[in-house]
Amino acid sequence: MIFTETPVIGAYIIDLEPHADSRGFFSRAFCAREFEAHGLKMPVVQVNISYTKKRGTIRGLHYTVPPAAEAKLARCVRGEIYNVMVDLRRDSPTFLRQCAVQLNAENRKALFIPQMVANGFQTLTDDVEVHYLMSEFYLPEVQRGLRYNDPALNIDWPLPVSEISERDLQLPCLVDQGKKSC
């Protein structure tokens, strides 16, 4: 696997290193030793799949807080997404910095999303499937999120929004001196 740092400290784009022959290829998609060699702790306790029907749909921006803050390894295995991360770690030199990466079934890239980094995506095609390796079990009480259209974030989504869940529409914006930014 090839690990490429992103503008968000601790977040990586992970490319496969395929071993090809006449049949096709074989590649490792996850290796705890390789992750540890890059300082990444990723105990996999759960694997999730999201399926999204419609192009232009937004999911997120989601994150979890301690005591069950989770890291994720996301890979789009069908269709294409525009994945956005926002660093919410107050002690991070990249606090509030964001990074966007296109993931699709053809480029086979994965994205390592550290704890306390909000993550969301917009589907660029119909019929999108994303697989996630999770470092923590799902706990509803630690689930958090930020509004996809928060003016303080000013995320430049590539398409008009075709669909978004009611839950995601109700997510808060960043708080700025006691007032919401949207």
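For region 77-100, a residue qualifies if it is touching a strand residue (DSSP E or B) at 6+ places or on another chain (Cβ under 6 Å), farther than 15 Å from Phe112 by Cα and among the acidic types (Asp, Glu), and exactly one does: Glu80. For region 118-143, filtering for residues that are of a type in the set (Asp, Glu) and under 20 Å from Thr52 (Cα atoms) leaves 3. Considering region 60-79 alone, what residues qualify as being in contact with a Ser or Thr (Cβ under 8 Å, 6 or more places away or on another chain) and surrounded by 22 or more Cβ atoms within 10 Å (Cβ to Cβ)? Across region 60-79, the qualifying residues are Glu70, Ala71, Lys72.
For (1) free of Cβ contacts under 8 Å to residues at least 60 places away in the same chain; (2) part of a loop (DSSP other than H, G, I, E, B); (3) crowded, with 19+ Cβ neighbours inside 10 Å; (4) of a type in the set (Gly, Ala, Ser), each residue gets a yes or a no:
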residue: Phe112; (1), (2), (3), (4): no, no, yes, no
residue: Gln115; (1), (2), (3), (4): yes, yes, yes, no
residue: Asn119; (1), (2), (3), (4): yes, no, yes, no
residue: Arg147; (1), (2), (3), (4): no, yes, yes, no
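Go through the residues of region 7-18 one by one and say whether even a single one is loosely packed, with under 15 Cβ neighbours inside 10 Å and modelled with pLDDT under 95. Among the residues of region 7-18, at least one is loosely packed, with under 15 Cβ neighbours inside 10 Å and modelled with pLDDT under 95, which makes the answer yes. Within region 32-49, the presence of a residue that is buried (at least 18 other Cβ atoms within 10 Å of the Cβ), touching a strand residue (DSSP E or B) at 6+ places or on another chain (Cβ under 9 Å), β-branched (Val, Ile, Thr) and over 21 Å from Thr94 (Cα atoms) is excluded. Pairs meeting the criteria (first residue in region 64-93 and within 12 Å of Val8 (Cβ to Cβ), second residue small (Gly, Ala, Ser) and part of a strand (DSSP E or B), beta carbons under 7 Å, at least 6 apart or on different chains) are Asn83/Ala74; Asn83/Ala100; Val84/Ala100; Val84/Gly120; Met85/Ala118; Val86/Ala118; Leu88/Ala118.
For region 20-79, the candidate set comprises residues that are among the small types (Gly, Ala, Ser) and not in a loop (DSSP other than H, G, I, E, B); within that set, the residue that is nearest to the chain's Cα centre (by Cα) is Ala74. Candidates Tyr138, Tyr132: the one that is surrounded by fewer than 14 Cβ atoms within 10 Å (Cβ to Cβ), closer than 28 Å to Leu16 by Cα and aromatic (Phe, Trp, Tyr) is Tyr138.
The values are calculated or read from the model by the stated rules, or taken from the named source; none is laboratory data. Please read all numbers here as calculations on a predicted model, not as lab measurements. Heads up, the Cβs are rebuilt from the backbone with ideal geometry, glycines too, and the neighbour counts pull from every protein chain shown.
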